[in-house]
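The values are calculated or read from the model by the stated rules, or taken from the named source; none is laboratory data. These numbers come from a predicted model, not from an experiment. Glycine gets a Cβ as well: all are built from the backbone with ideal geometry, and neighbour counts include every protein chain shown.
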Amino acid sequence: IKACSKTNNKIENIEMEDSILQIITKLFGNAVKLACPEITDLPIIDISLSGNKPNFGDYQCNSAMALANLYKQLGKKVAPRVIAQQIVEHIQPHPLVNKLDIAGPGFINIFLNKDYVQKYLSAIFESGEVKPPVVKKLKVLVDFSSPNIAKEMHVGHLRSTIIGDSISRLLEYLGHDVMRINHVGDWGTQFGMLIVHLQEKFPDYLIKSPPLSDLQNFYKEAKKRFDEDEEFKKRAYASVVKLQSFEPEHTKAWNLICDVSRKELQKIYDRLDIKLIERGESFYQTRMEQIVKELKTAGFLENDDGREIMWGGGTVPLTIVKSDGGYTYDTSDMAALKQRIEEEKVDWVIYVTDAGQATHFQTIFACSEKVGILKKDKHRVDHVGFGVVLGEDKKKFKTRSGETVRLLDLLDEGLNRSLSKLKEKEREKVLTEEELKTAQESIAYGCIKYADLSHNRNHEYVFSFDKMLEDRGNTAVYLLYAYTRIKSIARNANFTLEKIKQVSQTHAISLDHEKEWKLGKALARFPDVLLKIADDLFMHHLCEFVYEIATTFTEFYDQCYCIERNSSGEIVKINVSRILLAEATAMILERCFYILGLKPVSKM
Ligand code: ARG
């Protein structure tokens, strides 16, 4: 991890609730200001973790080299080591920092104080929870999942659903006010053909609900007619116009279709425990009419072969009105961003879609800024893109027969595979039926989510049940097992939650053993990991953190006895302080799992 905070010339206050990186960055920022008064445009304070060698300290500041270059530009030759020395002399004493060392050409190694980390961990037991780092509360709208009604919800939408949910969970945990919006495609031209097909196939649709259980197939039929039959096509176009002017019979037909789709989608959201508010493109119809008028009047639109376009500075303009007078995906996103900023008064909008839509969103942002809807100093907007999902053959993810994979089938396969995995380990012999089912679901949905979240979302990723169900390496299965093992330590020592709370008041968590200290420091980085993700929205940092915690815990547990038994297996000694360290680890892991949308079980 790296802290990057632009420094101004003010000396900053260090607050009680600051995270480790925030404290170090402020300490060094302030020291640099005092140590280098000649430099007006101070560089970013560059702090990173210092590798694994104990004599390198825990963190390091690498700014002396950059400062030496700035002196050079002023015509002064100062060695980086001398600057490092100056910085160290100006560091104000702080309980977090135990010692500073200068190494090599001018690196400053920072050694943390055990007391500080101990206090961080004790606070978890004092409050009974892992408190999030303190941030300014914002109203955030996360636009995710957003499949198209009647068309298939495919693995790309599954990625959006998983990533968007996790980002929402993180921001909620940080205390923001989060709106989870499902911007479904419920208003496009495809509804013309769907409605006409419905009207002709089920003429009594207004009095009797048509059997639309197979919407996918219904869509295919309609599409076939649309492509082959010119007359049908004309009726379909006329039908869109009627729908968009809210003609009642068309609205009814549209509602019937949306309802069927909605029920199907809800099954997936329920299984994955994902909450969303549906607010599709249709919601913006009147707002689209409104914004088109405004853009016209203000002179932002340009006629291009009959269509009205708007430029946002890039190479592709937005199509605001098509030559037939209809609106587009671009129009709806302009109207939606205006609605979100001006009516919902959000501070931050996050869009989670495939990377292919990056240009679309960059242009939407640029045009909104041009019009004065989006103000970069007041609002934050992010397009969180992701790469395509591939099959194990590295080609586009398809079934064996070459069809798109139905998401419900995919989830079912996950359930089957996780059950066989549990049976392979003969878990059905030790778990009750209920416990087995909970474990099965936890593993199945957990591994699908985790496989997605643990990869850098910018890259394409290969969907492989075999890989995600491995119980080694950075997988959900490994981590869920690691968690149950950690939880079993206190259980085996007969420490109830109450007892843990009670002993935490009298016993300090010891960090004297090298492995205890390593684990303690890793745990204390939790707030910084969250702050980093809130900045760059890459959830895989959290997965890397969880994996590091699990492996660091194993190192600790291999070398540090928590419970000592005699040769006949009786407990002879309990190391209370280590049981507390294990419990703190479990509590932080629980938090991480929650943010990642995983449901840990205490037995599996
Ligand atoms: N329905 C779109 C799709 O399937 C995604 C919508 C994303 N949200 C938005 N405001 N454009 O690709």
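For the reader, a short list of remarks on this structure follows.
- If you go through the stretch 122-143 and pick out every residue that is touching a helix residue (DSSP H, G or I) at 6+ places or on another chain (Cβ under 7 Å) and either assigned to a strand (DSSP E or B) or aromatic (Phe, Trp, Tyr) (or both), you end up with 4.
- Residue under evaluation Asn474, criteria (1) closer than 21 Å to Ile124 by Cβ; (2) in contact (Cβ under 8 Å) with a residue 60 or more places away in the chain, criterion not met: (1)
- Matching residues in the stretch 381-395 - criterion: being surrounded by fewer than 14 Cβ atoms within 10 Å (Cβ to Cβ) and not acidic (Asp, Glu): Lys394, Lys395
- Residue within the stretch 359-380 that is touching a Phe, Trp or Tyr at 6+ places or on another chain (Cβ under 7 Å), among the small types (Gly, Ala, Ser), within 27 Å of Met179 (Cα to Cα) and modelled with pLDDT of 95 or more present: no
- Filtered by the rule that a residue be assigned to a loop (DSSP other than H, G, I, E, B) and within 18 Å of Ile268 (Cα to Cα), the stretch 187-217 gives Ser213, Asp214.
- Listed by first and then second residue, the pairs linking a residue in the stretch 309-327 that is at positive phi and surrounded by fewer than 16 Cβ atoms within 10 Å (Cβ to Cβ) to a residue that is not acidic (Asp, Glu) and not in a strand (DSSP E or B), with Cβ atoms under 6 Å apart and 6 or more places separating them unless they lie on different chains, are Gly313/Ala366.
- Checking each residue in the stretch 34-52 for being more than 12 Å from Leu70 (Cα to Cα) and surrounded by 10 or more Cβ atoms within 10 Å (Cβ to Cβ) picks out Leu34, Ala35, Ile44, Ile45, Asp46, Ile47, Ser48, Leu49, Ser50.
- Flag if Thr551 is in contact with a Leu (Cβ under 8 Å, 6 or more places away or on another chain) and free of Cβ contacts under 8 Å to residues at least 40 places away in the same chain: no
- Some residue of the stretch 460-472 being on the phi > 0 side of the Ramachandran plot, touching a helix residue (DSSP H, G or I) at 6+ places or on another chain (Cβ under 9 Å) and either at pLDDT below 95 or not in a helix (DSSP H, G or I) (or both): no
- Those residues of the stretch 129-142 which are touching a Lys or Arg at 6+ places or on another chain (Cβ under 7 Å) and either on the phi > 0 side of the Ramachandran plot or surrounded by fewer than 17 Cβ atoms within 10 Å (Cβ to Cβ) (or both), in sequence order: Lys139
- Here the stretch 173-228 is the region considered, the condition is being small (Gly, Ala, Ser) and in contact (Cβ under 8 Å) with a residue 60 or more places away in the chain, and the residue that is nearest to Glu278 (Cα to Cα) is Gly185.
- Condition met for Ser146 (within 12 Å of the ligand (Cβ to nearest atom), outside any helix (DSSP H, G or I) and crowded, with 21+ Cβ neighbours inside 10 Å): yes
- Among (1) surrounded by fewer than 24 Cβ atoms within 10 Å (Cβ to Cβ); (2) modelled with pLDDT of 95 or more; (3) more than 10 Å from the ligand (Cβ to nearest atom) - the single one Ser168 does not satisfy: (1)
- Counting only strands (runs of 3 or more DSSP E) wholly contained in the stretch 230-345, the ones carrying 3 or more residues that are more than 16 Å from the ligand (Cβ to nearest atom) and out of contact with any Ser or Thr (no Cβ under 6 Å at 6 or more places or on another chain) occupy 302-304.
- Restricted to helices (runs of 4 or more DSSP H) entirely inside the stretch 494-604, those with at least 2 residues that are modelled with pLDDT under 95 and within 28 Å of Glu172 (Cβ to Cβ) are 497-506.
- Figure legend. Inter-residue proximity from the stretch 282-295: first residues surrounded by 14 or more Cβ atoms within 10 Å (Cβ to Cβ), second residues among the acidic types (Asp, Glu) and not in a helix (DSSP H, G or I), beta-carbon distance below 9 Å, spacing 6+ or different chains. Indicated pairs: Ser282/Asp186; Phe283/Asp186; Val292/Glu308; Leu295/Glu308.
- The stretch 373-427: number of residues that are not β-branched (Val, Ile, Thr) and not in a helix (DSSP H, G or I): 28
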